[in-house]
Amino acid sequence: MTTTLRPLAATLAALALAGCATRPPAPAAVPVKVKLLAFNDFHGNLQSPGRLGENLRSGKRPVGGADALAAWVAHLEAGHANHAVVGGGDFVGASPLVSALFLDEPTVEVLDRIGVDFSSVGNHEFDKGAAELLRLQHGGCRITGHERDPNSCLGLGSRAPGTFDGARFQWLASNVVDTASGRTLLPAVGIKTFEGVPVAFIGMTLRGTPGIVSPLGVAGLAFRDEAATVNALIPTLRAQGVAAVVVLVHQGGVQPAGAATDINGCNDALRHDGRDSDIGEIVRRLDAGVDLVISAHTHQAYNCSASAVEGGAHGLPDSTGRLVPVTSANAQGRVVTDIDLTLDPTSRRVLAVAATNRLVTRTDIDAAPAPAVRALVQRYAALAAPLANSEVGRIAAPMPASPDAAGQMLAGSAIADAQLRATQPAALGGAQIAFMNDGGVRSPGFVPPAGAPADAPFTLTYDGVFAVQPFGNSLVTLTLGAAQIKRALEQQLAGCGGTTTDHFLQPSNGLRYTWRGHGPACARIDRVTFTPTDVTRTPPVVTGPMQVLVSDGVVQDPARLYRVTVNNFLATGGNGYAALAEGVDRVGGAQDIDAFVQFMAAYKSPAPPFDPRAATQGEPRIVRVP
């Protein structure tokens, strides 16, 4: 059923020759009905990520989990001979331990059982590099050094123990080009034919992917403009007899707060501050040949289609002003988009699109969790359980991943301290300062388990730590001058160095910076101070007088050097931090999660718990002024 463009052209030519004989007029063609099911940003959430409601009027219910997703897909496909399951990217990466510990192989095996046909690549598919993505696609064991990674090829969902089959579905990467060969890293288009009518699925990720993953992971690859890539493919598809086109793009939009609570809302084409959202800007430049856009990346649920809630928009405008249906299915397997596609068998064009976002509930009688998928997940979970449930330490108060008005998050502060502690000894890098990127601190942060008192000390497990730091980054200690530190802090603020949104570096104990809410680009960091602090001691101890790096926006001693620890994502310029990429005298370090586990070991019972509110923590470390 699935072909590349060239075999499809050959097939169509053969069909044309076979149809040359004279025959009586055929009766009016009956439209072809197709059921499309779409989801995005699954992130290896094989187990339920919690509860969600359809809107403000409905209560939240348990949702998600691979077993429930499989059951819902089977339930919605039932009675529809023509169907396809597609994704918007980020199926893997930033995954919970039950998948990530085994290199996301369990997720691929589960998605194969669910029956996925195609998915666009997302930015997280590149977290471990293009070669690892190709391994997940084609199969085979992960090799570390000269040996198989012990967590690879368990084969619980593959053909045999000691193997990994790879994805039976096809990842699509139409705008990701190998600069050496000029070819796309993965196929640009997937095609599935329904009763003789081919439907093309064009898959791609956001062109800004190199700025949000490790540069080493995308070395040698070019990420091209999304709309231009689609538009260049449309004439080729038309020439080969393909008139129905669905775009799977890993980019999206965000509804305003009130509308965002309705999974079938759209809210004025997702416009913000008088401009289109990211997905709106892409759609506005698309060729009229695109019939449906399935979007992703922002972890939002929205439904801009003719079947949206009453009063909602019926699509986003393309380059001709025609309204194109655009959908997104939240994230983590909590929502699936149920799409009815009607095709004209004569013209092969799309006649109608009707979409509805549906909660992947775990309690619906009509979609009981799929037992085979549940059993597979449970087997992997049992293997991960001893590590997942082990105690890391105790915490006296919640440390959420949500930032305050200045951009500081307590979870980020603790991670920065852990990374400084792991690299502060001279033999391990001699670090004085550490920074953690806020995007690497996943929600909800280090918070009590559900149902536990919010004001009581609680035990942090390895699984809880991994949920906050799932990327497996390694630490890098490097030397930066005071002027470079100031430039790095400027590069976190919108408008400086191509940064479009504020994203804050979380500093370690002893470093404090003040930034202005308004001002010229690259000139908003007002004050930076550093007080040498020994974080290898419990509690941390100040070891020297405060130093002023920046005062009134002016670097006081540009030549003064500091040893700074960041993760490898930041060290290579990730997130637009070009100044950090300039660091010299680099020393590699432990993995980020190992550093945090080591940091928290001092707070295991019966020792007192770690208290982020203690005066010795040096909070606040980030201050905003008008």
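Here is how the numbers come out for the structure above:
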item	result
Complete set of residues in segment 216-252 that are crowded, with 24+ Cβ neighbours inside 10 Å and among the charged types (D, E, K, R)	E226
Some residue of segment 98-108 being of a type in the set (V, I, T), within 17 Å of F471 (Cβ to Cβ) and touching a Ser or Thr at 6+ places or on another chain (Cβ under 8 Å)	yes
Count of residues meeting criterion [over 23 Å from Q332 (Cα atoms), touching a residue at least 12 places away in the same chain (Cβ under 8 Å), surrounded by fewer than 17 Cβ atoms within 10 Å (Cβ to Cβ) and of a type outside the set (D, E, K, R)] in segment 359-397	1
Failed condition for G429, given (1) buried (at least 21 other Cβ atoms within 10 Å of the Cβ); (2) within 22 Å of K486 (Cα to Cα); (3) out of contact with any strand residue (DSSP E or B) (no Cβ under 6 Å at 6 or more places or on another chain); (4) not β-branched (V, I, T)	(3)
Selection within segment 148-183 - assigned to a strand (DSSP E or B) and crowded, with 22+ Cβ neighbours inside 10 Å	W171, L172, V176
Among residues of segment 206-251, those that are basic (K, R) and assigned to a helix (DSSP H, G or I), counted	1
Of all residues making up segment 587-613, the number that are closer than 15 Å to M399 by Cβ, surrounded by fewer than 18 Cβ atoms within 10 Å (Cβ to Cβ) and within 24 Å of the chain's Cα centre (by Cα)	0
Residue in segment 80-103 that is in a helix (DSSP H, G or I), in contact (Cβ under 8 Å) with a residue 12 or more places away in the chain and of a type in the set (D, E) present	no
Residue under evaluation G145, criteria (1) surrounded by fewer than 19 Cβ atoms within 10 Å (Cβ to Cβ); (2) touching a residue at least 60 places away in the same chain (Cβ under 8 Å), criterion not met	(2)
Selection from segment 451-496 of residues that are free of Cβ contacts under 8 Å to residues at least 60 places away in the same chain and small (G, A, S)	G451, A452, A454, A456, A494, G495
Tabulated pairs, segment 26-40, first more than 24 Å from W72 (Cβ to Cβ), second of a type outside the set (S, T, Y) and modelled with pLDDT under 95, C-beta under 7 angstrom, 6+ apart or interchain	none
Near pairs, Cβ below 9 angstrom, 6+ apart or cross-chain, from segment 585-599 (in contact (Cβ under 8 Å) with a residue 24 or more places away in the chain) to any residue that is among the basic types (K, R)	D585/R563; V587/R563; A595/R421; Q598/R421; F599/R421
Residue among C153, C141 that is in contact with a Pro (Cβ under 9 Å, 6 or more places away or on another chain) and over 26 Å from A228 (Cα atoms)	C153
Residue check, V249 in the same structural domain as C304 (by TED's automatic domain parsing) and modelled with pLDDT of 90 or more	yes
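The values are calculated or read from the model by the stated rules, or taken from the named source; none is laboratory data. Predicted, not measured: the structure shown is a model, and the values here were computed from it. We place every Cβ from the backbone using ideal geometry, glycine too, and count neighbours over all the protein chains shown.
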